[in-house]
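S.K.: My questions all concern the structure below.
Derivation of every value follows stated rules applied to the coordinates shown; laboratory data play no part. What you see is a predicted model, and the numbers here were worked out from it, not measured in a lab. Virtual Cβ from ideal backbone geometry, glycine too; neighbours counted across all protein chains shown.
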Amino acid sequence: MFHKEGFKIILVTALIMVSGLLLIDKFVPNFWLQKSLMILLLIGFILVLQFFRDPKRNTLINDQQIIAPADGKVVVIEEVVEKEYFKDKRRQISIFMSPLNVHVTRYPVSGIVKYSKYHPGKYLVAWHPKSSEENERTTIVVENKSCGEILYRQIAGAVARRIVNYAKTNQQVIQGEDAGFIKFGSRIDIFVPLDMKIEVNLNQKTRGGETILASKNG
C-alpha cells in the first residue's frame, strides 16, 4: 500500500519511466547500454515506490505511553528548554529518518490537538543541532488525558522540501493514526514531561505506531 501523498509523484514517475523505456528501445542501438539505461530507470521507479510505502502498523492504544510517530533511528535523548510552546524544560527524543525509511507521521498519543503551526525555514541536514529551530518545520501539541500535553515537531532536512501536516487545532486524534508525511530525508522531535520514563536508547531503531518512546511512571 502507498501513501496518498505519493500518488501523483508515482503516476508521473511511471509515465516518465515508460516514455524513457520506449525512447531507449528506439534510439539506443548498443545492447548493453540500452539494458543498463533501462535498469537505471526501473531502479529509480522502485525507489520512488518504496519511499511512499505506507505499511499497516499494529498500534496498541495506551494513554500511559507515548509511541514513535515515525520510523527511523533515535539520535537525541536529552533534557532541553522547549522555546516555542512550553517555554520550560522537557525531555527531547529525536528520530532521524533516512530516505529509505517509511516517512508517514503518526500521532504519538490520543487526545485533542491544542496547537498546530507551520514555520518556513532553512534546509540544514536533519541531524544538525540547529535544524529543530531553524529548518522548515511544523509544531503540533496533543493534549492527552494521562500524559498531559505532548509536542512533536516535523522537521525538513537537506533533501526534504515538503512537510504535510494533517493536525488541526481542536481536532480529536487517535494514537497511531496517520498525522502527515515528510517527503524525503527528515527528522521528528518529541518533547515529553521530565517525569516520564524513557523507554528507548540512543541509536535504537523505531517503528512508527509501535515503538514505545516513553511511559508514565507508576
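S.K.: Enter the angle in degrees (range 0 to 90, nearest 10) between the Cα long axis of helix 7-27 and the first principal axis of the Cα atoms of the chain, meaning the one along which they spread out most.
M.R.: On a 0 to 90 degree scale, this one is about 20.
S.K.: Which FRET efficiency, nearest 0.05, do Asp195 and Leu49 yield, Cβ-Cβ r, R0 41 Å?
M.R.: 0.45
S.K.: So if R0 is 25 Å, what FRET efficiency would Ile77 and Ser146 give, r being the distance between their Cβ atoms, rounded to the nearest 0.05?
M.R.: Efficiency, rounded to the nearest 0.05: 0.70.
S.K.: For the range 1-81, take every pair of Cα atoms, bin their distances at 10 Å starting from 0, and report each bin as a whole percent.
M.R.: Answer for the range 1-81: a P(r) of 14, 28, 23, 17, 11, 6, 1 percent.
S.K.: Relative to the first principal axis of the alpha-carbon coordinates of the chain, what is the inclination of helix 31-51, with its axis defined by its Cα atoms, in degrees from 0 to 90 and to the nearest 10?
M.R.: Relative to the chain, helix 31-51 is tipped by roughly 20 degrees.
S.K.: Oh, and also: Alpha carbon centre of the range 63-89 versus the range 1-38: separation in Å?
M.R.: For the range 63-89 versus the range 1-38, the Cα centre distance is 41 Å.
S.K.: Let me check I have the definition right: for the chain, take the eigenvalues of the Cα gyration tensor, multiply each by 5, take square roots. What are those semi-axes in whole Å, largest first?
M.R.: Its equivalent ellipsoid spans semi-axes of 37, 17, 15 Å.
S.K.: Just to be sure I understand: with springs between alpha-carbon atoms less than 10 Å apart, which residue in Val192, Val102, Val80 has the highest mean-square fluctuation in the Gaussian network model of the chain?
M.R.: Val80
S.K.: How far apart, in nanometres, would the label points at Ile10 and Asp63 be if each is projected 7 angstrom from Cα along the Cα-to-Cβ direction?
M.R.: Result for the modelled spin labels: 3.6 nm.
S.K.: Right, here's the next one. Once fully extended, how much extra length lies between Ser98 and Lys56, figured as 0.36 nm per residue of separation less the alpha-carbon to alpha-carbon distance?
M.R.: 13.2 nm
S.K.: At most 14 other Cβ atoms within 10 Å plus a DSSP loop assignment makes a site exposed; report the longest stretch of the chain without any exposed trypsin sites (Lys or Arg not before Pro).
M.R.: That would be 1-55.
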